[in-house]
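Worksheet: the structure to be examined is printed underneath.
Taken together, the values in this text are just the output of simple stated rules run on the coordinates, not laboratory data. Computed from a predicted structure; not experimentally measured. FYI the Cβ positions are ideal-geometry reconstructions off the backbone, even for glycines, and counts take in every protein chain you see.
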C-alpha cells in the first residue's frame, strides 16, 4: 500500500473518465493508489474502468449520495495515510503529487493542501475552483489568488511560492486521513459547493494549517457537474456561504457580522433585479429562506464544533472587504490587494 490514495468521485461520468483517467493513472500510479468511488452510475463507467484500467480500485456505492456523502462513505475503506479528493474533470501533470506531499511534510501542522489549479481549456489562466489558493474576507466572502469573483488572472509566475492559505480547493484536495476523520469529513448538509471550505475552516479552528503548493499544477475543466454561472449554483453560493459563517466564525460579533452580510446579499439581489437576471435574484431569496429555515441546525453545529476549537489559525483571513475592493476600488487582481491586511 502506498502513502497516498487518489480518490475520484464519479456519477455517470464515463466521458470524463475516458478523457482524464489516463493522465491520473500515468502520473500517479508510482506514488499513489488510484480509486474511483462510484455513486451508482448507470452509464457504463465501471465497465470502462475494469476493461481499460484494471489497476484502478473501485468502491461501488449503492446509490447516488452526492459529493459530500459519497466521499464520506467511499473513503471509509481506503486505508492510505493521505487522501487526494480529485474531481473527475481534472487533468493532472507529471510529478504533481510529490511536491505537495513534501510541502505538507515539511510544514508543521499542515494537514491539507492543494496544487495550483489552471483552466483546462486555457492552460495559461487560473481556474475558478481554487486557482492558487483560497482566502476569506472579513464578511465571509471567499476568493482566490488568481481569481476574484469573475475576474481571472493569467499565470505569469506572480504566485510562484508555496504559501499557507485559508482554504484549499476540493477539485484537488490533499488531506491527511487522520485530519479528515478528526473533523468527521465533509458536511453532508452543504449538498455541493463550499463543503471543502467548511472542512478547511474546521481544521483551522483546531489550529491546523492549510496550504497551496504552487510547485505542482493540475488543469480543471470546471462546471463539469454544476455550471458555475447557473441560478442553482448562485443559490448554493449564497446559502452555503451563510452556513460557513454561522458554523465556523469564532468572533464575538457574529450577530453584527451576519446582519451586515445579509444586507450585502440584499444589495446583490437588487443588482440582479436591475440587470434583469430575475432567476439569480430569486436564487438569493431562496438562499436566505433556506438559511432561516436551517439556522437552528447550524447553530447546533456551531455549538458542537466550539468544544473542539483551540486558538483558531486565521492565516489567510483578509481584514478588508473584497466586495468593496473589487466593485468600488476596482481591484480585480489578487496581487493588488494590500498584503498587510492579510492575517
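Overview of results
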| quantity | calculated |
| --- | --- |
| Stretchable slack from residue 191 to residue 308, in nm (0.36 nm times residue separation minus alpha-carbon distance) | 39.8 nm |
| Simple label model, 7 Å out from Cα along Cβ direction - residue 81 to residue 158, nm | 3.8 |
| Percent RCO, i.e. relative contact order, over the chain, from Cα pairs under 8 Å lying at least 6 residues apart | 18 |
| Neighbour-count ranking [beta-carbon atoms within 10 angstrom, fewest first] of 58, 117, 49 | 58, 49, 117 |
| Value of [θ]222 nm, deg cm²/dmol, for the chain, DSSP H segments ≥ 4, -39500 (n - 2.57) each, nearest 500 | -11500 deg cm²/dmol |
| Rounded to 5, percent antiparallel among DSSP beta bridges of the chain | 45 |
| Cα-based helix-to-principal-axis angle, 14-28 vs the chain, degrees rounded to 10 | 70 |
| Label point at residue 64 placed 7 Å out along Cα→Cβ; residues across the stretch 81-97 whose backbone nitrogen lies under 20 Å | 86-90 |
| Relative exposure of 309, 41, judged by other C-beta atoms within 10 Å (fewest first) | 309, 41 |
| Rounded tilt (10° steps) of 195-205 against the dominant C-alpha axis of the chain | 70 |
| Cα long-axis angle, helix 254-274 against the chain (0 to 90 degrees, to the nearest 10) | 90 |
| Separation in nanometres of the label points that stand 7 Å from Cα toward Cβ, at residue 29 and residue 51 | 1.9 |
| Nearest-0.05 FRET efficiency for residue 277 and residue 93, computed from C-beta distance (R0 41 Å) | 0.65 |
| Cβ-based exposure ranking for 126, 180, in which fewest neighbours within 10 Å come first | 180, 126 |
| Between the stretch 100-121 and the stretch 145-205, the Cα center-to-center distance that results, in Å | 10 |
| Virtual spin-label span in nm between residue 260 and residue 3, 7 Å along Cα→Cβ | 4.3 |
| Mean separation of Cα contacts under 8 Å, 6 or more apart, over the residue count of the stretch 205-311: relative contact order % | 44 |
